[in-house]
Amino acid sequence: EKGGHEYFMLKEIEEQPTALADTLRGHFVDGRIILDEQRLSDQDLRDVDKVFVVACGTAYHSGLVAKYAIEHWTRLPVEVELASEFRYRDPVLDRDTLVVAVSQSGETADTLEAVRHAREQKARVLAVCNTNGAQIPRESDAVLYTHAGPEVGVASTKTFLAQIAAIYLVGLALAQARGTKYPDEVGREFEELCAMPDAVARVLSTVDRVRELGRSLADAKAVLFLGRHVGYPVALEGALKLKELAYMHAEGFAAGELKHGPIALIEESLPVVVVMPSPKGRAVLHAKLLSNISEIQARGARTIVIAEEGDETVRPFADELVEVPAVPTLLQPLVSTVPLQVLAAEIARARGYDVDKPRNLAKSVTVE
Ligand code: BG6
């Protein structure tokens with residue numbers, strides 16, 4: 001049942017191309033994005049003047065990634081909030097607010113309570129969920145299902161990628177309704193999303209090398225993760241995976257914050273994972289990250305760099321280099337997260353831990 005793998009998580013990591021393809025399938029018909037249980041009209045979508053994404057854990061990170069795309073495509077302000085914080089801080093909501101509740105299980109109590117609170121305030125709620133008929137979709141105005149299939153590993157992997165794809169579809173549906181993108185542009189974005197299962201499959205061909213790298217990190221005391229722009233939530237997710245699975249101190253930082261504090265943590269041979277942007281995308285971001293890596297390398301850190309294939313400029317700064325295929329900037333998290341998942345799982349395995357059932361964690365948490 002583990003498909004020949006030592007643990008479910010590795011099987012689920014390898015299922016990511018299928019999870020993405022299945023989540024995208026059927027959502028672009030006759031030149032238009034269509035959502036699933038769309039009980040929101042085009043007029044409702046046009047009226048939206050603010051978007052909140054609420055979620056917990058890995059699902060929260062999918063929202064952080066999607067913020068960049070939704071704001072870029074729709075010019076709507078997007079706030080991403082931990083469901084447990086959202087609920088108790090009196091957020092400003094009305095009928096023109098769209099709340100996107102993201103939950104693999106659809107049963108997470110914090111997210112469910114956030115949904116209930118939003119609906120009491122008359123906001124419209126759209127659920128992104130992996131489980132048919134779960135409580136959160138039942139209590140929402142609209143639902144978009146991720147079709148990642150059942151996920152056994154407690155730490156989410158394939159549902160994270162599927163969640164990003166699904167929220168991107170919501171962003172494109174909003175852009176289409178609001179007219180901030182022409183129909184042919186929406187179609188092009190959708191096509192680019194549809195190329196991602198193949199790109200992720202290419203990343204998976206490097207799994208053995210990344211596992212080996214993971215084994216070499218098993219004795220580290222801590223690991224830091226750095227990224228900018230969409231690479232920042234990827235860094236947060238890489239760190240979360242390592243905490244959950246390997247019980248290791250791990251932290252993700254926005255690389256620009258390095259000089260405002262975290263650089264004090266850098267010491268000889270501390271592993272630092274850096275998620276590089278494409279050199280062909282935003283050149284300024286790439287240059288800034290190069291300078292960040294050179295600073296940490298100069299202080300003796302062991303740099304593990306996730307970079308685009310063929311990015312030669314990064315080689316001198318990378319003690320270890322993991323290459324991922326070139327994809328459009330907003331889609332980079334779909335490729336750059338994958339090696340971080342493998343790394344965390346393999347470090348955990350090398351330390352002798354149960355990768356699928358980490359201590360103290362449950363797959364879905366139904367208490368607040
Ligand atoms: C946590 C799980 O307890 O719940 C995480 O261990 C998960 O993996 C989080 O991301 C949120 O769960 P859900 O089902 O709402 O996506």
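Among 13, 316, 278, whose Cα projects farthest towards the positive end of the dipole of the chain, with charges put on the beta-carbon of Lys, Arg (+1) and Asp, Glu (-1)?
Farthest towards the positive end: 316.
Translational D (Stokes-Einstein, µm²/s) of the stretch 114-176 at 20 °C and 1.002 mPa s when Rh comes from the Kirkwood sum over C-alpha pairs?
Approximately 169 µm²/s, per Stokes-Einstein.
Just the C-alpha atoms of the chain: what Rg/Rh do they give, with Rh taken as the Kirkwood radius?
0.96
Counting only protein heavy atoms and a 1.4 Å probe, tell me what percentage of the stretch 245-368's accessible area is made up of carbon and sulfur.
52 percent
Give me the extension gain from residue 89 to residue 351: residue separation times 0.36 nm, minus the current Cα-Cα distance, reported in nm with one decimal.
Roughly 90.3 nm would be gained on extension.
Does the stretch 1-62 come out rounded, prolate or oblate, given a ≥ b ≥ c as the square roots of the eigenvalues of its C-alpha gyration tensor, rounded meaning a/c under 1.5 and, failing that, prolate meaning a/b above b/c?
Note, shape of the stretch 1-62 comes out oblate.
Name the long-range amide H neighbours of residue 308: under 5 Å, sequence gap of 5 or more, or other chain; modelled H, no Pro or chain starts.
Under 5 Å from the amide H of residue 308 lie the amide H atoms of 324, each far enough along the sequence or on another chain.
Pick out, in residue order, every one of the trypsin sites (Lys or Arg not before Pro) in the stretch 210-263 that is DSSP loop and has at most 13 other C-beta atoms within 10 Å; say none if there are none.
Of the trypsin sites (Lys or Arg not before Pro), the ones in loops of the stretch 210-263 whose Cβ has at most 13 other Cβ atoms within 10 Å are 221.
For the chain, what proportion of DSSP beta bridges, expressed in % and rounded to the nearest 5, is antiparallel?
Approximately 10 percent, going by the DSSP bridge assignments.
Compare the peptides 199-205, 89-95 by average per-residue count of other Cβ atoms within 10 angstrom and give them in order, highest first.
The peptides rank, most packed first, as 199-205, 89-95.
For an R0 of 45 angstrom, estimate the FRET efficiency from the Cβ-Cβ distance between residue 209 and residue 185 and round to the nearest 0.05.
Calculated value: 0.75.
Summing -39500 (n - 2.57) over the DSSP H runs of n ≥ 4 in the chain and dividing by its residue number, what mean residue ellipticity at 222 nm do you reach, to the nearest 500 deg cm²/dmol?
-13500 deg cm²/dmol
Can you list the lysines whose alpha carbon is less than 25 Å from that of residue 280, not counting same-chain residues fewer than 8 positions off?
67, 181, 288
Any idea how far apart residue 363 and residue 283 come out in nm if each label point goes 7 Å out from Cα toward Cβ?
4.9 nm
Apply 1/(1 + (r/R0)^6) to the Cβ-Cβ distance of residue 75 and residue 32, taking R0 = 35 Å, and write down the FRET efficiency to the nearest 0.05.
0.95
Can you list residues from other chains, or at least 5 along the same chain, whose modelled amide H is less than 5 Å from the amide H of residue 56?
83
Can you give me the Cα centroid spacing of the stretch 119-196 and the stretch 226-255 in angstrom?
Comparing the Cα centres of the stretch 119-196 and the stretch 226-255, I get a distance of 23 Å.
What is the magnitude of the charge dipole of the stretch 135-234 about its Cα centre, with +1 placed on the Cβ of each Lys and Arg, -1 on the Cβ of each Asp and Glu, and no other charges, expressed in debye to the nearest 20?
340 debye
In Å², what does the accessible area per residue of the stretch 259-368 work out to with a 1.4 Å probe?
With the other protein chains kept in place, the stretch 259-368 gives 44 Å² per residue.
Using per-residue counts of other Cβ atoms within 10 Å, averaged over each peptide, order 303-309, 325-331, 153-159 from highest down.
153-159, 303-309, 325-331
I want to verify the translational diffusion coefficient of the stretch 244-361 in µm²/s; compute it with Stokes-Einstein, Rh as the Kirkwood radius over Cα pairs, at 20 °C and 1.002 mPa s.
Answer, rounded: 140 µm²/s.
Between residue 121 and residue 222, with labels modelled 7 Å along Cα→Cβ, what's the label distance in nm to one decimal, could you check?
In this crude spin-label approximation the distance works out to 3.5 nm.
If I require 15 Å or longer along the helix axis, counting alpha carbons, and a Kyte-Doolittle average no lower than -0.5, what helices from the chain are left? Use full DSSP H segments.
57-74, 158-178, 231-246, 283-298, 332-350
The values are calculated or read from the model by the stated rules, or taken from the named source; none is laboratory data. From a predicted model like this one, the values you see are computed outputs, not experimental measurements. Neighbour counts are summed over all protein chains in view; Cβ atoms, including those assigned to glycine, are modelled from backbone coordinates with ideal geometry. What goes into the accessible areas is simple: the full protein's heavy atoms, side chains included, and nothing from ligands, DNA or RNA. Shrake-Rupley method; radii C 1.70, N 1.55, O 1.52, S 1.80 Å.
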